[in-house]
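Enquirer: My structure is below; once you've seen it, I'll send some questions.
The values are calculated or read from the model by the stated rules, or taken from the named source; none is laboratory data. Given the structure is predicted, the values throughout are model-derived calculations rather than measurements. With ideal geometry, Cβ positions are generated from the backbone for all residues, glycine too; neighbour counts draw on all protein chains shown.
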Amino acid sequence: MMKHAAMEIESSDKGSLGPGLSPLSETLWREKTNTELIGDVSARLTWKDLTVTVTLSTAGETQNVLEGLTGYAEPGTFTALMGPSGSGKSTLLDALSGRLAANAFLSGTVLLNGRKANLSFGTAAYVTQDDNLIGTLTVRETISYSAQLRLPDKMSPSDKEALVESTIVAMGLQDCADTVIGNWHLRGISGGEKRRVSIALEILMRPRLLFLDEPTSGLDSASAFFVTQTLRALARDGRTVIASIHQPSSEVFELFDQLYLLSGGKTVYFGHASAAYEAINLNSAAFFAQAGFPCPALRNPSDHFLRCINSDFDKVKATLKGSMKLRFEASDDPLDKITTAEAIRTLNEYYRTSQHSYAAIQKVDDISKIKGTVLDAGGSQASFFRQSYTLTKRSLINMSRDFGYYWLRLVIYIVVTICIGTIYLNIGTAQAMTQFWYLRFKNARGSCASFVFGFVTFMSIGGFPSFVEDMKVFQRERLNGHYGVTAFVISNTLSAMPFLMLITFLSATICYFMVRLHPGFSHYVFFVLCLFASVMVVESLMMAIASVVPNFLMGIITGAGIQGIFMLVSGFFRLPHDIPKPFWRYPMSYISFHFWSLQGQYQNDLRGLLFDNQSPDLPKIPGEYILENVFQINVNRSKWIDLGVIFSMILVYRIIFFVMIKVNEDVTPWVRGYVARRRMQNKNIAPDALTQSPSLRAYVNRDTRRR
């Protein structure tokens with residue numbers, strides 16, 4: 001198997017139709033595109049006069065975040081985008097990869113292999129700054145499951161395994177391949193290794209173009225150097241690598257091939273990284289030295305560049321201006337004699353008329369004439385059933401290994417139901433012989449059922465933080481086209497069911513036999529199923545909330561508020577006929593699953609039972625009488641109908657979960673884009689000349705038509 005892995009890392013042999021592709025990669029591309037590889041498949045990206053305009057407020061104010069940028073990225077090179085915070089690095093990366101926000105509009109020309117192509121979610125892999133990974137899986141499992149989700153079903157298991165192993169070797173993850181990623185209770189791999197795992201997931205499909213948003217952010221110098229060295233090795237393998245870097249060390253800076261320096265959305269420098277601070281031959285001089293800002297000896301070049309173009313240093317100098325050191329100490333540094341704004345203006349003007357700018361424009365024109373095959377590296381080639389099965393299996397493993405997902409809740413549920421059982425122990429059918437017997441009855445059996453189906457199910461919101469983590473992983477994988485929304489919703493539902501069934505079975509069994517509810521197997525089964533369905537409804541509701549509210553604290557508050565309202569209209573705190581009809585009775589009480597679960601459980605527990613009257617001489621009270629006169633329940637409706645309504649609510653909330661994801665993907669960006677365009681039109685800015693990043697729906701539809 002390692003032999004196949006080594007083959008994958010090596011370059012393509014002479015007989016390969018696709019230059020730069022290994023045999024496994026070429027097979028993968030053939031199966032994906034179903035076409036012959038024509039010409040050069042390497043990714044040559046160019047952008048000319050690139051401008052990004054964003055709308056800022058309801059008044060239609062606009063701002064150019066990027067202005068008139070021209071540059072290129074070639075195969076085998078590592079291009080670094082540098083600049084201070086707010087300079088436009090991430091915006092340029094998003095513009096090139098087709099991931100601009102809905103209120104951002106792009107003008108200019110972006111070409112891939114001399115052709116206009118949608119880079120969004122397809123031809124390029126994009127590694128975000130956040131490492132959203134499943135902490136309970138090992139490195140090998142993480143990459144292997146990603147391969148199962150994306151590679152074609154007809155690809156042999158041995159080839160898939162070879163691809164996974166070659167990716168692990170390429171990213172230098174052999175030593176930690178069988179170590180878990182790590183989460184709040186599992187000690188896992190380091191931050192640098194997590195970043196390399198994130199990169200490994202995106203190069204798994206062998207993309208020819210790779211974007212990375214600050215891959216060294218939050219890493220120590222050694223980890224940052226290792227990650228950057230890995231990226232350079234990927235570039236040397238024939239890929240085109242573009243990454244935004246904030247402030248690299250001198251060792252990391254030496255690994256850059258091309259440097260694109262930005263300040264205020266304008267180009268300060270673009271060219272060979274070393275040519276910015278040192279002469280690369282006898283006929284040339286360092287760019288910054290020619291512009292009047294030479295890099296001092298023994299200083300990190302990146303620190304010097306950012307010192308020249310970061311306006312925050314002016315604020316620092318102004319703050320320290322009154323100190324004795326700054327007042328009397330003389331300095332030969334030209335930056336101490338002018339403001340940063342003047343330095344930026346000088347550098348912008350100098351670059352515009354420099355040989356570097358002319359060479360970049362000429363190179364862009366030359367590259368644009370080279371036509372090559374645009375290979376689509378995005379999207380999943382696995383079938384829907386393969387995706388659903390793999391996601392369900394992965395989710396089951398994650399839930400079983402994460403103590404906080406269900407196991408902790410199982411312990412809490414058992415403890416709480418034991419408490420319920422001891423408080424309502426052997427409640428029986430005898431009632432106190434008072435004129436207020438019905439109130440005492442309601443406070444006994446009624447309050448027991450109300451607590452079980454109200455507050456016990458309420459505890460399911462404790463799993464919301466885990467839901468949020470699942471959604472973060474889903475959003476990253478979905479954005480890169482790993483699988484569809486339907487497969488995710490189905491797998492999430494199926495994987496949760498065994499754990500919820502276990503929790504509710506144990507909890508309901510303890511409560512049922514300790515309290516001694518209505519005897520009989522059918523009554524016991526109904527009680528278990530009703531509790532299971534109620535907990536499933538809460539889980540579905542919280543997942544729907546997680547798709548809208550990404551913050552776990554806000555999500556818990558929102559879910560608690562919704563359930564609190566549902567409990568108010570459940571028919572226990574106020575009887576059904578006493579609930580105000582406008583809004584609260586119709587429709588709120590019918591929307592509340594607590595209402596249906598209590599109605600069903602009351603019927604399940606009371607029908608067929610006889611209760612002692614106030615006097616032994618009086619006839620016993622049938623349960624049906626208590627249902628109608630104490631709890632105001634329609635005895636003509638079967639308890640199984642109540643249970644069926646709860647199960648239908650599970651389906652409804654899962655559909656809402658699906659719809660909310662689709663709304664966030666398609667409708668919300670479209671609305672924001674439409675509003676932004678209207679604001680620009682009101683300011684007499686023609687948005688027709690501008691383009692937006694395509695929606696995910698457009699990519700999915702295009703991917704479906706291709707298959």
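Enquirer: Since Leu651 meets every condition but one in (1) loosely packed, with under 15 Cβ neighbours inside 10 Å; (2) in a loop (DSSP other than H, G, I, E, B); (3) aliphatic (A, V, I, L, M), which condition does it not meet?
Expert: Only one criterion is unmet by Leu651, namely (2).
Enquirer: Could you please find all residues in region 196-235 being closer than 13 Å to Ala80 by Cβ, of a type in the set (Asp, Glu) and part of a loop (DSSP other than H, G, I, E, B)?
Expert: Glu214
Enquirer: Oh, and also: Might you check whether a residue that is under 22 Å from Phe572 (Cβ atoms), surrounded by 14 or more Cβ atoms within 10 Å (Cβ to Cβ), of a type in the set (Val, Ile, Thr) and touching a strand residue (DSSP E or B) at 6+ places or on another chain (Cβ under 6 Å) occurs anywhere in region 630-642?
Expert: no
Enquirer: When you look at Ser540, is it of a type in the set (Gly, Ala, Ser), modelled with pLDDT of 90 or more and farther than 26 Å from Ile656 by Cβ, yes or no?
Expert: Spelling it out, it is not the case that Ser540 is of a type in the set (Gly, Ala, Ser), modelled with pLDDT of 90 or more and farther than 26 Å from Ile656 by Cβ.
Enquirer: Further question on the same structure: Filter region 343-374 for residues that are part of a loop (DSSP other than H, G, I, E, B) and basic (Lys, Arg); which is nearest to Lys48 (Cα to Cα)?
Expert: Lys369
Enquirer: Further question on the same structure: Is it true that Glu624 is farther than 30 Å from Thr55 by Cα and out of contact with any helix residue (DSSP H, G or I) (no Cβ under 9 Å at 6 or more places or on another chain)?
Expert: No, not satisfied.
Enquirer: In addition: Is at least one residue of region 590-606 of a type in the set (A, V, I, L, M, F, W, C), surrounded by fewer than 17 Cβ atoms within 10 Å (Cβ to Cβ) and assigned by TED's automatic domain parsing to the domain that holds Leu541?
Expert: yes
Matching residues to (1) surrounded by fewer than 18 Cβ atoms within 10 Å (Cβ to Cβ); (2) in contact with a Gly (Cβ under 6 Å, 6 or more places away or on another chain); (3) outside the structural domain of Gly454 (by TED's automatic domain parsing); (4) at pLDDT below 90:
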{"position": "Ser388", "(1), (2), (3), (4)": "no, no, no, no"}
{"position": "Lys393", "(1), (2), (3), (4)": "yes, no, no, no"}
{"position": "Leu396", "(1), (2), (3), (4)": "yes, no, no, no"}
{"position": "Arg401", "(1), (2), (3), (4)": "yes, no, no, no"}
{"position": "Gly404", "(1), (2), (3), (4)": "yes, no, no, yes"}
{"position": "Val411", "(1), (2), (3), (4)": "yes, no, no, no"}
{"position": "Ile414", "(1), (2), (3), (4)": "yes, no, no, no"}
{"position": "Ile420", "(1), (2), (3), (4)": "no, no, no, no"}
{"position": "Tyr424", "(1), (2), (3), (4)": "no, no, no, yes"}
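Enquirer: Residues in region 14-24: is at least one surrounded by fewer than 15 Cβ atoms within 10 Å (Cβ to Cβ) and modelled with pLDDT under 75?
Expert: Yes, that holds for at least one residue.
Enquirer: Do we have any residue at all in region 627-644 that's at pLDDT below 85, part of a loop (DSSP other than H, G, I, E, B), under 21 Å from Leu609 (Cα atoms) and not hydrophobic (A, V, I, L, M, F, W, C)?
Expert: no
Enquirer: So if I check each of Lys363, Lys325, Lys337, which one is among the charged types (D, E, K, R), surrounded by 12 or more Cβ atoms within 10 Å (Cβ to Cβ) and either modelled with pLDDT under 90 or under 15 Å from Thr70 (Cα atoms) (or both)?
Expert: Answer to the selection: Lys363.
Enquirer: Residue check, Tyr524 against (1) loosely packed, with under 15 Cβ neighbours inside 10 Å; (2) at pLDDT 90 or above, all met but one. Which one?
Expert: Tyr524 satisfies all of (1) loosely packed, with under 15 Cβ neighbours inside 10 Å; (2) at pLDDT 90 or above except (1).
Enquirer: Against the condition part of a helix (DSSP H, G or I), among the charged types (D, E, K, R) and under 19 Å from Ala449 (Cα atoms), how does Glu665 come out, does it pass?
Expert: Answer is no for this residue.
Enquirer: Here is a list of conditions, (1) modelled with pLDDT of 90 or more; (2) buried (at least 17 other Cβ atoms within 10 Å of the Cβ), and Gly571 meets all of them except one; can you say which number that is?
Expert: (1)
Enquirer: Can you find even one residue in region 225-247 that is among the basic types (Lys, Arg) and either under 22 Å from the mean Cα position of the chain (by Cα) or surrounded by fewer than 21 Cβ atoms within 10 Å (Cβ to Cβ) (or both)?
Expert: Yes, region 225-247 contains at least one residue that is among the basic types (Lys, Arg) and either under 22 Å from the mean Cα position of the chain (by Cα) or surrounded by fewer than 21 Cβ atoms within 10 Å (Cβ to Cβ) (or both).
Enquirer: Restrict the check to region 172-180 and report whether at least one residue is within 22 Å of Phe256 (Cα to Cα), out of contact with any Asp or Glu (no Cβ under 7 Å at 6 or more places or on another chain) and in contact (Cβ under 8 Å) with a residue 12 or more places away in the chain.
Expert: yes
Enquirer: Within the set of pairs 6+ apart or on separate chains, which have a first residue in region 408-425 that is basic (Lys, Arg), a second that is at pLDDT 90 or above, and C-beta atoms under 9 Å apart?
Expert: Within 9 Å, the pairs are Arg409/Phe499; Arg409/Ile503.
Enquirer: Inspect all residues belonging to region 570-580 and state whether any of them is among the acidic types (Asp, Glu), assigned by TED's automatic domain parsing to the domain that holds Thr422 and farther than 22 Å from Val652 by Cα.
Expert: Yes, region 570-580 contains at least one residue that is among the acidic types (Asp, Glu), assigned by TED's automatic domain parsing to the domain that holds Thr422 and farther than 22 Å from Val652 by Cα.
Enquirer: Here is a follow-up. Quick check on my filter: what residues within region 544-577 are β-branched (Val, Ile, Thr) and within 24 Å of Phe488 (Cα to Cα)?
Expert: Answer for region 544-577, where residues must be β-branched (Val, Ile, Thr) and within 24 Å of Phe488 (Cα to Cα): Ile545, Val548, Val549, Ile556, Thr558.
Enquirer: Cβ-Cβ under 9 Å, sequence separation 6+ or interchain: first residue in region 636-649 and within 14 Å of Leu606 (Cα to Cα), partner among the basic types (Lys, Arg) and modelled with pLDDT under 95. Which pairs?
Expert: Lys639/Arg607
Enquirer: Scan region 236-271 for residues that are free of Cβ contacts under 8 Å to residues at least 40 places away in the same chain and in a loop (DSSP other than H, G, I, E, B) and jot them down.
Expert: Across region 236-271, the qualifying residue is only Glu254.
Enquirer: When only residues in region 501-521 that are crowded, with 20+ Cβ neighbours inside 10 Å and part of a helix (DSSP H, G or I) count, which is nearest to the chain's Cα centre (by Cα)?
Expert: Taking the candidates together, the pick is Ile503.
Enquirer: Might you let me know whether region 189-203 holds any residue that is free of Cβ contacts under 8 Å to residues at least 24 places away in the same chain and surrounded by fewer than 22 Cβ atoms within 10 Å (Cβ to Cβ)?
Expert: Within region 189-203, none of the residues are free of Cβ contacts under 8 Å to residues at least 24 places away in the same chain and surrounded by fewer than 22 Cβ atoms within 10 Å (Cβ to Cβ).
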